[in-house]
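Enquirer: Right, I'll just put the structure down here and ask away after.
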Amino acid sequence: TLKTNFEKYSKGKYNQDIMQDLFGQGIFAVDGEKWKQQRKLASFEFSTRVLRDFSCDVFRKNAAK
């Protein structure tokens with residue numbers, strides 16, 4: 001998987017150079033330790049609880065429609 005075998009899915013310097021103008025040093029344009037740090041921070045926003053709470057809010061707001 002990407003989480004455990006990150007080295008197999010490296011973006012490489014060429015792709016990083018191309019994507020840097022759009023994504024800067026964000027998770028979509030970096031490899032290695034920078035990617036691991038950003039993935040760890042982002043993973044909190046995609047936890048089961050956060051997604052469940054968000055989907056419940058969306059459902060409640062749109063159920064009456």
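The values are calculated or read from the model by the stated rules, or taken from the named source; none is laboratory data. Quick caveat, the model's predicted, so the values are computed rather than measured. Here the Cβ is made from the backbone with ideal geometry for all residues, glycine too, and neighbour counts use every protein chain on show. Protein only, heavy atoms only, side chains kept; ligands, DNA and RNA dropped before computing areas. Shrake-Rupley method; radii C 1.70, N 1.55, O 1.52, S 1.80 Å.
Enquirer: Computing the accessible area with a 1.4 Å probe over protein heavy atoms, can you report the carbon and sulfur percentage for the chain?
Expert: 60 percent
Enquirer: Here's another thing I want to ask about it. How much accessible area per residue does the chain have, counting only protein heavy atoms and a probe of 1.4 Å, in square angstrom?
Expert: Computed with neighbouring chains in place, this is 88 Å² per residue.
Enquirer: Note the angle between two axes, namely the Cα long axis of helix 12-23 and the longest principal axis of the Cα atoms of the chain, as a number of degrees from 0 to 90, rounded to the nearest 10.
Expert: Helix 12-23 sits roughly 50 degrees off the main axis of the chain.
Enquirer: Quote the FRET efficiency, to the nearest 0.05, computed for residue 13 versus residue 49 with a Förster distance R0 of 30 Å and r equal to the Cβ-Cβ distance.
Expert: In this case the efficiency is close to 0.20.
Enquirer: Moving on. Relative to the Cα centre, what is the charge dipole magnitude of the chain, using +1 at the beta carbon of each Lys and Arg, -1 at the beta carbon of each Asp and Glu, and rounding to the nearest 20 debye?
Expert: I would put it at about 340 debye.
Enquirer: So if each residue of separation counts as 0.36 nm, and I subtract the Cα-Cα distance between residue 20 and residue 42, what length gain in nm does that give?
Expert: That works out to 6.0 nm of additional length.
Enquirer: Next up: Grab the chain and count how many Lys pairs have their alpha-carbon atoms under 30 Å apart, sequence gap of 8 or more, or different chains.
Expert: 14
Enquirer: Same structure again: Principal axis extents for the chain, Cα atoms only, whole Å, descending order, please.
Expert: Ordered largest first, the chain gives principal extents of 50, 27, 17 Å.
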